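One structure is given here, and the rest of the page talks about it.
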Amino acid sequence: MKKSILIDVKNQTITEVSVTKDEDGSQLQSIYEHVGCNMVEIVPFGDDNDVYVDEEGLLNLDSNSMFFLLEGYPQPICGNGLIMGFNPETGESIDTTLSVEEVKGKVKFMNILEVRRNCGVGMY
């Protein structure tokens, strides 16, 4: 199990979660379940952490879509995010180096109207 941090946009919570491996040794299914999707994209977050997000988040927009703005990232991210550590020598995911409190100070939750108003994105 790997210590990870879930950014849950629906409940607007940030909590520590564990990512587990399946019988084949893959942790992808656990990541999908936490993020709530079928395809993930990785957003770099500092030197030793990544955020796994829904690759297709913007394809499924509706009036209830929720986003989060991550300090240091140039645009809001649609859907949940899962922060995991990254080992630059092996390329493998490891326990996150961040605490829940650190992440809370770097995340702002936004609904689709706030994204449109504050970010000047015309497509919403």
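Just so you know, all these numbers are worked out from the coordinates, no wet-lab data involved. Since we're looking at a predicted model, the values are computed, not measured. Here Cβ is always computed from backbone atoms with ideal geometry, including for glycine, and neighbour counts include all displayed protein chains.
Quick rundown of the values:
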{"read-out": "Hydrodynamic radius (Kirkwood) for the chain, which is based on Cα pairs only, to one decimal in Å", "value": "14.8 Å"}
{"read-out": "Loop-located GluC sites (Glu not before Pro) in region 22-124 whose Cβ has at most 12 other Cβ within 10 Å (DSSP)", "value": "Glu23, Glu71, Glu89, Glu92"}
{"read-out": "Gyration tensor (alpha-carbon) shape descriptor, region 61-121, a/c threshold 1.5", "value": "prolate"}
{"read-out": "Ellipticity estimate at 222 nm from DSSP helix runs (n ≥ 4, -39,500 (n - 2.57)) divided over the chain, nearest 500", "value": "-4000 deg cm²/dmol"}
{"read-out": "Gaussian network model of the chain, springs between alpha carbon atoms under 10 Å - residue of Tyr52, Tyr32, Tyr73 with greatest fluctuation", "value": "Tyr73"}
{"read-out": "Reachable aspartates and glutamates, given that their alpha-carbon falls under 13 Å from the alpha-carbon of Lys106 and they are not under 8 places away in the same chain", "value": "Glu71"}
{"read-out": "Convex hull of Cα atoms in region 7-75, direction-averaged projection (nm²)", "value": "5.6 nm²"}
